[in-house]
1. Given (1) surrounded by 15 or more Cβ atoms within 10 Å (Cβ to Cβ); (2) in contact (Cβ under 8 Å) with a residue 60 or more places away in the chain; (3) within 23 Å of residue 117 (Cβ to Cβ), where does residue 24 come up short, assuming only one miss?
2. Looking at (1) touching a residue at least 40 places away in the same chain (Cβ under 8 Å); (2) closer than 21 Å to residue 103 by Cβ; (3) out of contact with any strand residue (DSSP E or B) (no Cβ under 6 Å at 6 or more places or on another chain), which is the only condition residue 17 fails?
3. For the condition at pLDDT 85 or above and either surrounded by 10 or more Cβ atoms within 10 Å (Cβ to Cβ) or farther than 30 Å from residue 162 by Cβ (or both), what is the one hit in 239, 231, 224?
4. What helices (runs of 4 or more DSSP H) completely inside the stretch 1-98 contain at least 2 residues that are in contact with a helix residue (DSSP H, G or I) (Cβ under 7 Å, 6 or more places away or on another chain)?
5. Which residue, of 124, 159, 148, is in the same structural domain as residue 174 (by TED's automatic domain parsing), within 30 Å of residue 198 (Cα to Cα), surrounded by 14 or more Cβ atoms within 10 Å (Cβ to Cβ) and out of contact with any helix residue (DSSP H, G or I) (no Cβ under 8 Å at 6 or more places or on another chain)?
6. Where residues in the stretch 247-265 are under 30 Å from the mean Cα position of the chain (by Cα), without any contact (Cβ under 8 Å) to a residue 40 or more places away in the chain and assigned to a helix (DSSP H, G or I), which of them is farthest from residue 214 (Cα to Cα)?
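The values are calculated or read from the model by the stated rules, or taken from the named source; none is laboratory data. Predicted, not measured: the structure shown is a model, and the values here were computed from it. Here the Cβ positions follow ideal geometry from the backbone for every residue, glycine too, while neighbour counts run over all protein chains shown.
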């Protein structure tokens, strides 16, 4: 906000987030609108207009020049300009030129945000962008769940790599790529003729799941330790799924060490006594190593990946030493 003690009148540019429902304006915004001498809006289809008129605020559909606004304020009037989605660059640039000339008695120029984005509001932008891409992009418009499956796996691995590298910028980008996969699949699912669902249905499902599996947060249960939390989670999950085997729900397509560790975790949590199968070959040796690692509290997949990264560095060092 720019203030000038010698200014006469006020020009207030009122903005509102398109990610917040129209009509939900701050109290200072409503006070300003009600007390202004004139309220102007260049966009006759502005989403705020019906709500302002319902509240008794007279809005004139007009796009005055900077010269006209300055003249209007010369008598001490307060003029509110309701900004459109594209902003009011023509007006603000014109006011800046007049102020820069040094020859004008300028009104006070103020920027008043009428509403602010809520946390997560930019997700609405992502949904809108995805809708447009799905409708207009030759490649995206033909994709299926099956065709995108490989990208979900790739993006998940790239996210893990960013985490292991400790690269914050890369982590933010890869999280976005994973989020894109979720939104993309949900957008495709909207078009299913038999069982359609949307991103809102996806979000509602995980919200319900999280609330149900956290009775110590949203209910009367208590949890003092992470182990207590895990117990609540496993118990409520078992009630939901009603599985006949601890192996149900374990994806067999995941990497071998991760698969083994997950199975071993299910066995240990259930208190089952299951002897390891024996046989010839490296597979059974790796099976035993993975089970032992899981029992010791180590993720064998992460441990091997970390060792492999060290091995990669050693390879690069050897290449440099050998002049490659």
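1. Among (1) surrounded by 15 or more Cβ atoms within 10 Å (Cβ to Cβ); (2) in contact (Cβ under 8 Å) with a residue 60 or more places away in the chain; (3) within 23 Å of residue 117 (Cβ to Cβ), residue 24 violates only (1).
2. It is condition (2) that residue 17 fails.
3. The unique qualifying residue is 224.
4. Filter on the stretch 1-98 gives 66-73.
5. 124
6. Once the filter is applied, the top-ranked residue is 259.
Conditions tested, residue by residue: (1) over 16 Å from residue 13 (Cα atoms); (2) free of Cβ contacts under 8 Å to residues at least 24 places away in the same chain; (3) exposed (fewer than 15 other Cβ atoms within 10 Å of the Cβ).
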site: 34; (1), (2), (3): no, yes, yes
site: 53; (1), (2), (3): yes, yes, yes
site: 59; (1), (2), (3): no, yes, no
site: 88; (1), (2), (3): no, no, no
site: 95; (1), (2), (3): no, no, no
site: 103; (1), (2), (3): yes, yes, yes
site: 107; (1), (2), (3): no, no, no
site: 111; (1), (2), (3): no, no, yes
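Here is a yes/no grid of residues against (1) surrounded by fewer than 16 Cβ atoms within 10 Å (Cβ to Cβ); (2) farther than 29 Å from residue 302 by Cβ; (3) assigned by TED's automatic domain parsing to the domain that holds residue 127; (4) under 15 Å from the mean Cα position of the chain (by Cα):
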| residue | (1), (2), (3), (4) |
| --- | --- |
| 138 | yes, yes, yes, no |
| 144 | yes, yes, yes, no |
| 153 | yes, no, yes, no |
| 166 | yes, no, yes, no |
| 179 | yes, no, yes, yes |
| 187 | no, yes, yes, no |
| 191 | yes, yes, yes, no |
| 211 | yes, yes, no, no |
| 214 | no, no, no, no |
